[in-house]
1. Just to be sure I understand the model, the point goes 7 Å from the Cα along the line to the Cβ. What's the resulting TYR76 to LEU3 distance in nm?
2. Given H placed 1.01 Å from N in the peptide plane, which residues other than close sequence neighbours of VAL35 have an amide H under 5 Å from its amide H?
3. Between ASP66 and GLU53, 0.36 nm times their residue separation minus their Cα-Cα distance comes to what?
4. Tell me the net charge near ALA16. Cut-off is 15 Å between Cβ atoms, ALA16 excluded, with +1 for each Lys or Arg and -1 for each Asp or Glu.
5. Which percent of Cα pairs goes in each bin when the distances of the stretch 1-111 are cut into 10 angstrom slices starting at zero?
6. Between VAL86 and THR120, 0.36 nm times their residue separation minus their Cα-Cα distance comes to what?
Amino acid sequence: MTLIEEYLWWNKGIRADELSREDIFNLLPEEWAPVLSTNDLVEAYRQCPVAEEDSRASIIAIWVEDQHQWMFCEMYGLAFGFSASVLAFNRGPTLTVAATRRVTGTLVAAYFDDLPALDTIQASPSAHTTLQAVLNLLGTSNLPPKHSLRPHIGYFLVLVFHWPK
């Protein structure tokens, strides 16, 4: 039996297999409703240092109109827009998600530099706090979280979840 099935049987005397999914959600306590917070990494690509041996390929040319000449500078972080930058950058969020899920059991995901964490009203903000701790251990800077409190319908990029209450 799942936790929800046990709750319904012992507290309501109802078998979960006799109900629709919406009926089950309506019988659950309000404090079990989901809370979604998203964490946006600050200047995500700029936080990833370029390896010393690759620094010669990290020179950016900029045309300066006032001086009528090209100016050059070295990028110390990954240059946004280059395909290799995307592959190199995505290793960080993937590691963050794997570490957070495996070590803390927190439900998190990653979409490039956005990291959503799913919690319940009762446990909130434990999922977000745990994700913040992992990000701090990894030395990652991030913006203050964006919370979606008590949503009956929650949106995060292409993810939609529905809590019928």
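What follows draws every value from the coordinates through simple rules; no lab data is involved. Owing to the predicted nature of the structure, the values given are computational and were not obtained by experimental measurement. Virtual Cβ from ideal backbone geometry, glycine too; neighbours counted across all protein chains shown.
1. That separation, rounded to one decimal, is 4.4 nm.
2. The list, which skips near neighbours in sequence, is ASP119, THR120, ILE121.
3. On the way: separation 13, 0.36 × 13 = 4.68 nm, distance 3.35 nm.
Value of the extension gain: 1.3 nm.
4. On the way: positive: LYS12, ARG15, ARG21; negative: GLU5, GLU6, ASP17, GLU18, GLU22, ASP23.
That sum, taken over residues with Cβ under 15 Å, equals -3.
5. 11, 24, 20, 16, 13, 9, 6, 2
6. On the way: separation 34, 0.36 × 34 = 12.24 nm, distance 3.22 nm.
Value of the extension gain: 9.0 nm.
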